Structure formats: structure tokens, C-alpha cells
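Okay, so here's the structure we're looking at.
The values are calculated or read from the model by the stated rules, or taken from the named source; none is laboratory data. Nothing here was measured: the structure is a model prediction, and the numbers come from that model. A quick note on method: Cβ atoms are made from the backbone with ideal geometry, for glycine too, and the neighbour counts reach across all protein chains shown. With ligands, DNA and RNA removed, areas are computed over all heavy atoms of the protein, side chains included. Shrake-Rupley method; radii C 1.70, N 1.55, O 1.52, S 1.80 Å.
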Amino acid sequence: MLHVRRLIPRGRMSRTLSSRASNVLASLDISTTHEISGVYDGEWRGSGELVSSICPTTGEVLARVKTATPEELHAALERTREAYTHFRNVPAPRRGEILRQIREALASKRDELGALVSLEMGKIRTEGVGEVQEFVDICDYAVGLSRMMNGRVVASERPGHSILEVPNPLGVVAVLSAFNFPVAVYGWNLALSLAAGNATIWKPSPTTPLCSIAVTTIISRVLERNSVPGAVASLVTGGKEVGEAIVESQDVPLVSFTGSEHVGRIVGKNVAFRFGKSILELGGNNASIVMPDADLSLAIPAVFFGAVGTAGQRCTSTRRLYLHRNIADEFLDRLQKMYRTVAPGDPLIDSTLLGPLHTRAACDTYDKTIQHLQTIDANILTGGKRYGHASFSAGNFVEPTIAIPKSVNPKDFIWKTETFAPILNAAVFDDLEQAIEWNNAVPQGLSSSLWTRDLRNLGRWIGPNGSDAGIVNVNVGTSGAEIGAAFGGNKSTGWGRESGGDAWKQYVRWSACTINFSDEAPLAQGVNFPA
């Protein structure tokens with residue numbers, strides 16, 4: 001994703017905000033008249049490059065944020081490391097209590113934060129509020145987890161010995177989040193990291209700094225009330241240079257990165273080079289497969305939401321649609337009728353279902369993909385252009401698109417490449433094995449979905465000959481995961497896991513501790529080494 005930055009002279013801001021924007025910012029105590037500090041490590045600061053937060057709906061400048069200088073980043077890393085040495089000694093249930101208070105603080109501002117997500121990122125109001133609810137939910141999860149982050153006792157072959165597998169805090173966890181989920185992804189990482197006894201340093205997308213500042217402000221107040229160093233949850237806004245410095249820092253044993261496959265390869269390589277750990281959440285390119293026995297009254301709305309929701313800007317958005325020949329025509333006819341009901345609008349209005357793409361660069365990517373579809377003589381059933389109405393000219397609005405490429409070869413560019421926009425490519429298959437082969441043939445492996453009422457199809461789909469994605473759904477769309485299970489994908493999606501399940505085990509360091517409580521000192525495997 002390309003990020004547009006605008007350099008602005010320092011000083012008081014001379015502009016007039018729309019009332020829709022000023023009301024949202026005021027509800028979260030974000031200044032509409034002054035430059036905003038974008039660095040927090042126990043104190044708010046920032047004297048680096050000024051970046052603008054641009055509303056994708058109206059094109060107006062929402063705020064100007066003072067990002068981190070190299071010196072401020074270095075100081076923030078040092079303070080975060082110092083905060084970790086304090087927080088690791090806080091009993092885990094006490095850490096859970098702090099998380100409970102963070103949960104309550106976020107919940108009290110859920111609607112306001114959700115509106116800010118809609119304002120700055122562009123997703124519709126219900127999705128913005130739902131994203132904040134996801135942060136609230138993972139805090140609930142982590143409160144319970146704080147009393148259950150257990151090791152285990154392993155039987156020893158030696159008399160009078162026991163082996164313990166012991167988890168301990170890891171250190172500083174860096175979270176490099178993307179624009180499309182500017183609140184929830186940080187929440188997944190922060191909640192588990194704090195429960196484990198770590199400190200975090202958050203580097204958000206340069207295009208959604210206000211969401212990170214608002215969230216950090218709420219969390220910092222909870223930490224302050226509990227006499228916990230604010231740098232336990234540090235924030236550094238900035239561009240590529242800030243991210244590179246964090247990734248290369250020896251003081252950061254774990255880097256959680258959400259973003260493109262291209263940048264993810266660089267992050268993974270650089271972290272591995274210094275023997276750090278990484279959690280990578282990268283490209284999706286997700287497919288839904290619809291069998292002839294599927295309940296179309298469930299499948300069609302799910303595909304509709306998967307492809308159009310968040311204007312196609314979810315990691316789990318439905319990009320590929322594979323339809324059995326017996327139901328393909330009916331399915332596409334009914335799906336097109338749903339598409340025709342969609343009208344773009346202000347994402348802050350409850351009735352809006354389609355908001356804007358996040359940046360002008362995203363619109364350019366959409367245009368290039370449409371041009372490519374035209375070049376290869378794909379049948380574009382609906383959509384295929386930007387909205388031209390004057391009321392949308394200042395925003396980044398594009399038409400949700402359904403296309404049928406002539407080639408069904410999954411190695412072709414149009415199938416193997418993820419376009420982060422509401423473009424759905426469809427193909428027709430004759431048997432499930434063929435559809436599974438197409439599903440698995442692309443480089444990415446995040447989410448997948450099979451629609452069927454045949455138990456035999458279900459067994460094949462979730463088994464060793466089925467989908468190779470990290471999320472393998474049945475009669476559920478590709479998009480909209482819950483926090484209880486681990487979230488993540490395989491192959492070029494990065495193999496990372498966040499949120500629920502066993503994801504917490506990545507945020508600790510593990511030690512195998514053999515304890516001898518006998519009067520003898522035998523060696524393992526019967527080795528005899530007389531002294």
C-alpha cells in the first residue's frame with residue numbers, strides 16, 4: 001500500500017473542518033486546531049516530520065501529527081525496555097486486572113472510537129464499532145488467560161527428577177499494524193503481550209495515526225492510575241524509517257507485522273537475520289467454493305459481504321469465487337441483484353454499506369486491475385469504474401466489481417495476485433477436487449470457505465486433501481473471524497497466528513527445567529561417565 005505524506009509548516013492549523021469530522025475528534029479530545037504529538041513513552045512528544053491524516057470520504061485534512069525523530073524513537077525503545085523490566089515482575093493475575101480496566105475504558109468509548117475508525121480509515125460505522133468491540137473482546141479473553149498461561153510437568157526417565165516447561169515474559173513486543181484494521185490488530189497483540197508480562201511498542205500505519213493516538217491515550221490513563229510505567233504501551237508514529245529501525249533493533253525480540261507480502265518478506269528476513277521472532281499477517285486472496293447442494297440463501301449474502309464489506313479491504317475479503325456449473329448462473333444472477341442495491345455513502349451514516357477506499361493510491365490499484373481485466377477480455381458483469389457523481393469526487397469511491405476471466409488457470413496474474421479493492425473474480429468448476437486444486441494453487445493461504453450440505457464434502461474440505469489455508473470455513477464466509485481461535489494464514493500469508501487459541505505461546509520465552517530432588521545424579525539415556 002502506498003502512503004501519501006504531506007509536509008506542512010509547523011504552527012497553528014488554519015483550516016475549517018466539517019462538523020462530521022470535528023464532532024468525532026472532539027468526542028475523543030483530539031485537537032482540531034493544533035498539531036498533535038504522535039510519540040508516547042510515558043510522555044507525549046514528537047518533533048519529527050509532520051504527516052496529515054486525510055479523510056478518505058471527503059479528502060479533508062483531519063489533523064497533522066508530529067512523528068518520531070530517530071532520537072525520539074531510540075528513547076522510546078529504551079523506555080519501553082525499562083518498563084518491561086518492571087512489568088515482568090507484576091503477578092499475572094494483577095496484569096489481568098489491568099487488562100480488565102483497559103477493557104472497561106475502551107468499552108466506554110466504543111462508539112466514539114468506532115466513529116473515528118470510520119472517519120479516518122473509511123469503513124462503515126457498524127464495522128468501525130465492531131472493530132473496537134474486537135479489542136474489547138480480546139481483553140476479556142486475556143483477563144482469563146492471565147490465570148491460565150500454564151507450563152507443564154513432564155515425566156523424567158531418571159528417578160528423583162522432574163522436568164518443567166516454564167513460560168516467562170519475552171521482552172519488548174513491536175506491533176506494526178496496517179491501515180485496514182487500525183485498532184483491532186493492535187488489540188490482539190497488546191492484550192496477549194500484556195497478559196504475558198511484556199511491554200509493547202506500536203508503530204501504526206502512517207495513514208491512520210489518529211486511531212492509534214486515541215487508543216493509546218485511553219490505555220495510558222489506565223496505566224497511570226495503576227502506577228504502571230506508560231512505556232508498557234508505547235507509541236511511535238512515522239514512516240518507513242521508523243518501521244525499519246524497530247525491525248532491526250536487538251531490543252525487540254518479537255515483531256508482529258501486518259501488511260503486504262512484499263514488505264512482509266523484508267520484515268521476516270531482517271528479524272530472522274538477528275535471530276528475532278516474527279508474527280507475519282500478510283496477503284489473503286481468499287476463495288469461496290459453492291457446491292450444487294449449498295443453501296444459496298446463506299451463501300449469496302455471505303459472498304456479498306465478503307467481497308463488498310470494508311470496500312474489499314479486509315485481509316479476509318473474498319477475492320475468488322468458484323461456482324459449481326449447476327448453480328453458477330442462478331448464483332451470479334442473484335448476486336448481481338444484491339450488488340445493484342449498493343450505493344456509496346458517508347460511512348458515518350448507519351444506513352451506508354459501501355464506504356471509500358482508503359487512499360487515492362488504492363483507487364489507482366483498482367483502476368489498473370480493471371484495465372488488466374479488460375485487456376484479457378474478462379466478462380465484467382457489474383462495476384468496473386469509479387463513482388463519477390460530484391458528491392463523491394473528493395472521496396475514494398469505486399464500484400464493487402464482479403468479473404469472469406476467460407482463463408481459469410490459477411497461475412495467471414489475475415488469480416494469483418491480491419488486489420486490495422472490491423473486485424471479485426468468478427470461475428465455474430465441475431467437481432470439488434478441481435475447486436480445491438484452484439483454491440490451493442495461489443501463493444497465499446489465509447481464509448477459505450466451502451458451501452455445502454453434504455457431510456462428505458465437509459470431511460474432504462477440512463482434511464489433509466482439503467484447503468491449505470489457515471482459516472477453513474464451512475457454510476461461513478471468508479470474512480469475519482472471532483477472537484476465540486487463532487487468526488492467521490499459511491504460505492505467503494506468513495504462517496503467523498494472533499488472537500486466540502495457542503497464539504499466546506509466541507509472546508513468552510520457554511524454558512525446559514530439569515529438577516533433581518534426589519541424592520543421586522544419573523545421566524539421561526543411561527550414559528555412564530565415571531568421575
Could you list, in their original order, any pairs among LYS123/LYS411; LYS240/LYS491; LYS337/LYS406; LYS368/LYS411; LYS66/LYS123 whose Cα atoms are separated by more than 29 Å? LYS123/LYS411
If TRP438, TRP510 are ordered by their accessible area, calculated over protein heavy atoms with a 1.4 Å probe, which sequence runs from highest to lowest? TRP510, TRP438
Based on the inverse mean of 1/r over its pairs of different Cα atoms, what is the Kirkwood hydrodynamic radius of the chain, in Å? 24.4
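Stretched out fully, how many nm does the piece from ARG334 to SER47 gain, at 0.36 nm a residue minus the Cα gap?
97.9 nm is the gain from fully extending ARG334 to SER47.
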With N denoting the number of residues in the stretch 271-367, provide Rg(C-alpha) divided by 2.2 N^0.38 Å, to two decimal places. 1.38
Using the Cα atoms as the points, what is the convex hull volume per residue of the stretch 58-142 in Å³? 113
Whole-angstrom Cα spans of the stretch 237-300 along principal axes, big to small: 54, 25, 17
If you count only protein heavy atoms and use a 1.4 Å probe, how large is the accessible surface of THR514, to the nearest 10 Å²? 80
Quick check: at a probe of 1.4 Å, how many percent of the accessible area of the chain sits on carbon and sulfur atoms? 52
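Assuming R0 = 25 Å, can you tell me the calculated FRET efficiency for the pair THR341 and LEU298, based on Cβ-Cβ distance, to the nearest 0.05?
Working from the Cβ atoms, E equals 0.90.
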Could you derive backbone 3J(HN,Hα) for the stretch 138-154 from the dihedral phi with the Karplus parameters 6.51, -1.76 and 1.60 (θ = phi - 60°), listing whole Hz in sequence and x where the residue is Gly or Pro? 6, 5, 4, 4, 6, 4, x, 4, 4, 9, 9, 7, 8, x, 7, 9, 10
Radius, Kirkwood style, for the stretch 342-406 when every pair of distinct Cα atoms is counted (Å): 12.6
Report the dimensions of the stretch 367-461 along its three principal axes from the alpha-carbon atoms, largest first, rounded to Å. 52, 26, 23
Just to verify a number: what accessible area does TRP44 come out at with the full protein assembly present, 1.4 Å probe, Å² rounded to tens? 90
Given the candidates GLN371, LEU77, GLY259, the one whose Cα lies deepest towards the positive end of the charge dipole of the chain, counting +1 at each Lys or Arg C-beta and -1 at each Asp or Glu C-beta, is LEU77
Counting C-alpha atoms alone, how compact is the stretch 286-484: give Rg to one decimal and Dmax as a whole number, in angstrom. 16.2, 52
Count neighbours as other Cβ atoms within 10 Å of each site's Cβ, and list the GluC sites (Glu not before Pro) in the stretch 429-531 that are DSSP loop with at most 12 such neighbours. GLU482, GLU520
Using only the Cα atoms of the stretch 164-275, each taken as one equal point scatterer with no solvent, compute I(q) by the Debye sum, divide by I(0), and report log10 of the ratio at q = 0.21 Å⁻¹. -1.19
Just by accessible area at a 1.4 angstrom probe, what is the order of LYS337, LYS269 from largest to smallest? LYS269, LYS337
DSSP-loop GluC sites (Glu not before Pro) across the stretch 109-215, with at most 14 other Cβ within 10 angstrom: GLU157
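With every protein chain kept in the model, how would you rank ARG360, ARG225 by accessible area, 1.4 Å probe, largest at the top?
ARG225, ARG360
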What is the extension gain from SER511 to ASN465, computed as 0.36 nm multiplied by their sequence separation minus the C-alpha to C-alpha distance, in nm to one decimal? 13.0 nm
Got a number for the accessible area of SER220? Probe 1.4 Å, square angstrom, nearest 10. 10
In Å², what does the accessible area per residue of the chain work out to with a 1.4 Å probe? 41
Looking at LEU62, GLY494, PHE135, which one has the Cα that reaches farthest to the positive end of the dipole of the chain (charges on Cβ: Lys, Arg +1; Asp, Glu -1)? LEU62
